[in-house]
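The values are calculated or read from the model by the stated rules, or taken from the named source; none is laboratory data. Computed from a predicted model, the values in this text were never measured in an experiment. All Cβ positions, glycine included, derive from the backbone under ideal geometry; neighbour counts span all protein chains shown. Accessible surface areas use protein heavy atoms only, side chains included; no ligands, DNA or RNA. Shrake-Rupley method; radii C 1.70, N 1.55, O 1.52, S 1.80 Å.
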Amino acid sequence: VRAAGAKVDQAWAAFLPRLTGKFSYTRLSDFTPPNFGGFTIPLVLNQWSLEAQLVVPISDYFLRINQAYSAATKSQEAARLDVVSARAKSSSDGKVAYYNWMRARGASVVAKQALEAARTHLQDAKNLFTVGSASKADVLRAETAVAGAELAVERTKNLAELTEKQVAVAIHAKEGEVLTPGEGVDAEPPPFVGALPQLVSEAKANRYEVKSIDANAEAAKKQVAVVRGGAYPSLGAFAQAVYADPNQRRFPQVDANGKTEWFGTWALGAQLTWTPNDTVTSLAGAREIEAKIASAEQQKSVVRDGVELEVTQSFQA
């Protein structure tokens, strides 16, 4: 979001006329000036100059700057939607991790109860075998059930530890911090209210992933206009002020005593520039961005289909 905001600021700054300043000092090499019938041009070896120039990109206001600002604004909007989407997903993933932990803890309790039942059944099988009411195969079958129950206990114990670690990582718990469930799972959940078609329609219209793609597509469309603007001639107005010692526009540069002085001049004008190579490059760049727009539109369809499947699975669950 910060990077997108910086691009918005850059696009806004492009609306402002470009003001540049320059201060320079030049030391020239000495030589013997030519003599023209007794007239000699005096040499000025130390030259000082203070310049200011203001350039107004007139054509860019219509062809590029406004479109660039709109594209940057849409990109910033898309970045904000991505942040909201990431936070929503993080919250959902956290809930899933928590309830997976609860499920694993419950499965561990059930596995331990099943092990106790298997051990009781094994003892009964041994007693029946002793009195001749059961075969050796019955005892072996009961021992196999006990071994399987012990394996299930170990697996559910490992799963509970793993899911607890996942929750600890998700909430950035400190090393050694003991997690305690803050919500029971034995209460009856409230009945769900809603219809699947209405939920799917609502998700497609309001999911931030879809809105982000729309904003990025709009930004790309504006960017196409910016790139295409580089194919046209550029018109700009400029104003320049020079305060120099000596001033190159003043002749002679020295007075009757052979001394120079600070002198100011100014200039106003307009210029139209065009580079044929930029036309070819801009049109090719515009086509490349248009291809990305088409790809984004297809991605939007894929995301919509994924949202529909996600909502359907959640509804059935």
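Worth pointing out:
- Placing a label point 7 Å from the Cα of Gln53 along the Cα-to-Cβ direction, the residues of the stretch 251-284 with a backbone N closer than 16 Å are 265-274.
- If you run the Gaussian network model on the chain, springs between alpha carbon atoms under 10 Å, then out of Ala284, Ala187, Ala173 the most flexible one is Ala187.
- Solvent-accessible area per residue in the stretch 110-211 equals 74 Å², computed with a 1.4 angstrom probe and all protein chains kept.
- Label-to-label distance, nm, for residues given as Arg250 and Phe62 (7 Å Cα→Cβ offset): 4.1
- Trypsin sites (Lys or Arg not before Pro) lying in DSSP loop within the stretch 221-317, provided at most 16 other Cβ fall within 10 Å: Arg249, Arg250, Lys259
- A Förster radius of 22 Å combined with the Cβ-Cβ distance from Val83 to Gln10 puts the calculated FRET efficiency at roughly 0.60.
- As a fraction of the 1.4 Å probe accessible area of the stretch 125-177, surface on carbon and sulfur atoms comes out at 58 percent.
- Among Gln53, Gln113, Gln166, the residue with the largest mean-square fluctuation in a Gaussian network model of the chain, with springs joining Cα atoms closer than 10 Å, is Gln113.
- Computed lengthening from Asp305 to Ala205, 0.36 nm per intervening residue step minus Cα-Cα distance: 34.8 nm
- Rounded to the nearest 20 debye, dipole of the chain from Cβ charges on Lys, Arg, Asp, Glu: 460
- Proximal lysines to Lys74, defined as alpha-carbon separation beneath 17 angstrom and excluding residues fewer than eight positions away on the same chain: Lys7, Lys211, Lys221, Lys222, Lys292, Lys300
- Charge-dipole axis of the chain as Lys and Arg at +1 and Asp and Glu at -1 on Cβ define it, positive-most pick from Tyr69, Ser91, Val110: Tyr69
- Among Leu43, Leu162, Leu81: highest mean-square fluctuation, GNM of the chain, C-alpha pairs under 10 Å: Leu43
- Count, lysine Cα pairs under 20 Å in the stretch 83-185, 8 or more residues apart or across chains: 7
- The label-point distance for Glu177 and Glu261, in a model that sets each label 7 Å from Cα toward Cβ, rounds to 7.9 nm.
- Option label - mean projected area of the Cα convex hull in nm² computed here, alternatives (1) 24.6; (2) 34.8; (3) 16.4: (2)
- Across the stretch 167-280, Cα pairs under 8 Å and at least six residues apart give a relative contact order of 23 percent.
- For the stretch 119-229, with +1 on Lys and Arg beta carbons and -1 on Asp and Glu, the positive-most of Val193, Thr120, Thr144 along the dipole: Val193
- Over the stretch 7-94, accessible surface divided per residue gives 69 Å², non-protein components excluded, 1.4 Å probe.
- If you plug the beta carbon distance of Tyr99 and Ile293 into 1/(1 + (r/R0)^6) with R0 = 25 Å, you get a FRET efficiency near 0.05.
- Selected from Gly184, Val227, Ala205, residue furthest toward positive end of dipole (the chain; charges at beta carbon): Val227
- Using Cβ point charges alone (K and R +1, D and E -1), the dipole size of the stretch 59-107 about the Cα centre works out to roughly 360 debye.
- Here the stretch 145-223 and the stretch 41-77 have alpha carbon centers that stand 52 Å from each other.
- In loop segments of the stretch 1-80 as defined by DSSP, there are no trypsin sites (Lys or Arg not before Pro) with at most 13 further C-beta atoms inside 10 Å of their C-beta.
- Local net charge near Val44, Cβ-Cβ under 13 Å (Lys/Arg +1, Asp/Glu -1): -1
- Label-to-label distance, Val1 versus Ser24, with points set 7 angstrom from Cα along the beta-carbon direction: 4.7 nm.
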